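Readers should treat all values here as calculations from the given coordinates under stated rules, not as data from a laboratory. Only a predicted model underlies this, so the values are computations on that prediction, with no experimental measurement involved. Every residue, glycine among them, receives a Cβ derived from its backbone with ideal geometry; neighbour counts consider all protein chains shown.
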Amino acid sequence: MLAQQLKAKDRLIVALDVSTLDEARAIVKDLREHVGMFKMGLELFAAAGIALFDMMKQEQINVFFDGKFHDIPNTVAQASRNVTSHGVGMFNVHGSGGSAMLKAAVEARNQAVADYGLSKQPLLIAVTVLTSISGDTLKSELKVNEDVLEHVTGLARLAKDSGLDGVVASAKEAGAVRKSCGEDFLIVTPGIRPQWASTDDQQRIVTPAQALRNGADFLVIGRPITAAKNRSDAVKKVLEEMEFGLE
Ligand code: C5P
């Protein structure tokens, strides 16, 4: 199924950027009716370990495991196999790990689905260029002789050609990635701020409606929802804004 057919709820990923499972569970309980997926990343993993997957199963939620794997192909393959075995809905690796690493992750994911008899294959997406990396840093420190947009679209193409399902990219880059990688390639976009929300530490922010219009399939949103006084009101307002972007 093309992501273009998904409803607003199924496109919303709420980031559980907390350091205890109790806090994560409290957010899940408030929001589970309204949200298609929850993102659990290194902060929670470093605190709670694989108990986070037990929580995922107890709460019966769909999880994007934001582990951003980047290592030699064999290690990334084994990590991909293990994370797939837990039954997550999505996980990611760094596109800059190169095609051998990306293909190893895809093969390991596919094999694990067969070996564990899973009914659903997790989506495997690549991180392109972190939004915390500026064009200057890319050039002067990482010695990349391309601007950010070219580098992002190049890594997205590499991910697509290696068999991945999509990428994480900012809404600013979503249009170029869509053009280069086609309609059935997923774009997951953080850095989203509804009009009424504080910008926090995000620099390059885009509203939910605009991100969807730019071509994003999934939006990752954290603090505007998780830190709101009334989380379910906040999520309802975000979903309304997303509906505008889907019209
Ligand atoms: O609270 P906020 O909405 O800023 O959270 C955004 C989430 O997306 C965080 O988990 C952050 O780590 C993640 N993210 C991001 N920018 C990236 C990649 C991931 O903000 N380029």
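Around Ala104, what is the net charge, scoring Lys/Arg as +1 and Asp/Glu as -1 over all other residues with Cβ under 13 Å from its Cβ? Intermediate results must be reported in sequence, preceding the final value.
Numbers: positive: Arg81, Lys103, Arg109; negative: Asp71, Glu107.
Around Ala104, the charge tally is +1.
Applying the Karplus parametrisation 6.51 cos²θ - 1.76 cosθ + 1.60 with θ = phi - 60° to the phi angles of the range 11-18, what ³J(HN,Hα) value in whole Hz is obtained for each residue in order, glycine and proline being reported as x?
For the range 11-18, the Karplus curve yields 9, 9, 10, 9, 7, 8, 8, 9 Hz.
Looking at the calculated P(r) for the range 1-160, what percent of the C-alpha pair distances fall above 22 Å?
Across the range 1-160, Cα pairs with separations above 22 Å total 48 percent.
On a straight-distance basis, which lysines could pair with Lys236 in a cross-link, Cα separation under 24 angstrom, same-chain partners fewer than 8 positions away excluded?
Lys236 reaches Lys7, Lys9, Lys29, Lys39.
Counting only other residues whose beta carbon sits under 10 Å from that of Leu239, what net charge do I get with K and R as +1, D and E as -1?
Computed value for this residue: +2.
Starting from the Cα of Lys103, draw a straight line to each of the lysines and keep only those under 21 Å, dropping any in the same chain fewer than 8 residues away.
Hits, sequence-local ones excluded: Lys68, Lys120, Lys160.
Would you tally the net charge around Ala174, using a Cβ to Cβ cut-off of less than 11 Å, leaving Ala174 out, and scoring K and R as +1, D and E as -1?
On the way: positive: Lys172, Arg178, Lys179, Arg213; negative: Glu173, Asp217.
Taking every Cβ under 11 Å from that of Ala174, the sum is +2.
Under a point-charge model restricted to the Cβ atoms of Lys and Arg (+1) and Asp and Glu (-1), what is the dipole moment magnitude of the range 3-246 relative to its Cα centre, in debye to the nearest 20?
320
Say we join alpha carbon atoms closer than 10 Å with springs in a Gaussian network model of the chain; which of Gly87, Gly135, Gly175 then has the biggest fluctuation?
Gly135
Just to be sure I understand: with springs between alpha-carbon atoms less than 10 Å apart, which residue in Ile133, Ile205, Ile225 has the highest mean-square fluctuation in the Gaussian network model of the chain?
Ile133
Can you give me the relative contact order of the chain as a percent, contacts being Cα pairs under 8 Å and 6 or more apart?
Numbers: 446 pairs, mean separation 45.7, N = 247.
Computed over the chain, the figure is 19 percent.
Using 7 Å Cα-to-Cβ label points, what is the Ser132/Glu23 separation (nm, one decimal)?
Placing both labels 7 Å beyond Cα along the Cβ direction yields 1.7 nm.
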